[in-house]
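Every number in this text was worked out from the coordinates using simple rules, so none of it is lab data. Everything numeric here is computed off the predicted structure, so don't read it as measured data. Every residue, glycine as well, gets a Cβ built from its backbone with ideal geometry; the counts of neighbours run over all protein chains shown.
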Amino acid sequence: MNLRFNIIYTPETVRYLLIFVMSLLRWSDCSFRLVANGCTDEEAEMLKRFTNTSDRLEFYRYPSDDMLPHGTVLTHLQKMEEGEYFCFMDSDIFATGPFMDDFRPLLSGYDGVFSCLPEWCSDDDRILHHDFPRVKGVHYRHENGHFLGVTYFAIYRNTVLKDFFRRHPVSFDRYVRETVHPEYREYLEGIALMKERYDTGKLLNILLQREGGRLTYLHSDRLCHFSGFSGVSMKIREGRVPAVFSEEKYTFRNRLKSMLSGLFGKEDNALPALDESKRPVFHVRRIKINEYLKELLYCLHDGKRFRGELLDIDDPFVVGKVSQMRAQLENLFKEHYAEYSRLVKGI
């Protein structure tokens, strides 16, 4: 069984993340469709030329000059899929071993198989607590046991999706309370999942199970999700000094203020008091870790020495996971960077 995974790239990320595909090719027999979502002509050309290096790669450019929401692009790609499975993974996932050996035994028994939650998330981070108002991407299960799935890495039975989309006004898109169709609200209230917002794919997964869909999550030690690498953050890379590297707090503090402003509805300059019940600690920690790992990736790509430190992270579990990810990323570049540079030379 040769599965084809869709990998979506957004502006400013292609040259840094494309090397990850080399590990996916090495450690699987899968095919990969590299999708340009709002990328520049230069980035699209880079993806297209890279796909010419293997008969297991293909290129697709989403038909819009603008970058569309992740769920919108996934819905479009699913409509194109004619195979038995619809598969996708984030562009910042790479392989360290034969990862499909972990997933193939599950495919006959489930309509959806998911993986690749960020390694450094604690078990509590991954659980949606009853009083939390949003179903975030990192939440894969409600505390009452209801399964939510993720959209970092997914293998869906395509016939199940086609049948569902034919009968329901729901897609992979994000939803807020006001955009949830009235016919689903009573059901969501009954299972304690009528929330203010649903991240990409969450509402779809909840409703698939209402009709008997069988979904599961499996952690694979052979896949590493870099996590948090976005085109938005790349646009401010040049000329900035990340907070984890210096005393200058401009980037980190402004991003933190923006995140907390959205979370608490605050717009003044003062950072609000952290309400543990709203669980912002995970989000603050995520920003710090993402900045650290992204600067590591920049240094490896640019051939520079990495001098970063994780500041104010005193959780041994988290520090250990981040250290492991650093070693895995460094190994990836040792194995593939020379060949990768040759393949993309001049672009």
Taking just the C-alpha trace of region 1-40, give me its Rg and Dmax in Å. 11.0, 34
Along region 104-109, Karplus-curve 3J(HN,Hα) (6.51, -1.76, 1.60; θ = phi - 60°) to the nearest Hz, with x for Gly and Pro, reads 4, x, 8, 5, 6, x
So what J values fall out for region 113-121 if you push phi through Karplus, 6.51 cos²θ - 1.76 cosθ + 1.60 with θ = phi - 60°, rounded to Hz, Gly and Pro as x? 10, 10, 6, 6, 4, x, 4, 8, 6
If you bin the C-alpha pair distances of region 286-347 every 5 Å from 0, what whole percents do you get? 4, 16, 26, 22, 15, 9, 5, 3, 1
Residues whose placed amide H lies under 5 Å from that of Arg61, excluding near-sequence neighbours: Ala36
Calculated from backbone phi, Karplus (6.51, -1.76, 1.60) coupling profile of region 197-214 in Hz, x at Gly/Pro: 8, 10, 5, 3, x, 5, 5, 4, 5, 4, 6, 4, 6, 4, 9, x, x, 9
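Let me know the volume per residue of the alpha-carbon convex hull for region 4-223, in Å³.
Working: hull volume 27.7 nm³, N = 220.
Roughly 126 Å³ of hull volume per residue.
Quick one: plug the Kirkwood hydrodynamic radius of region 130-188 (C-alpha pairs) into Stokes-Einstein at 4 °C, 1.567 mPa s, and report D in µm²/s. Walk me through the numbers before you get to the answer.
Details: Rh = 13.5 Å.
Calculated translational D: 96 µm²/s.
What order do you get for Lys202, Lys288, Lys79, Lys334 when you list them from fewest to most C-beta neighbours inside 10 Å?
Listed from fewest to most nearby Cβ atoms, that is Lys334, Lys79, Lys288, Lys202.
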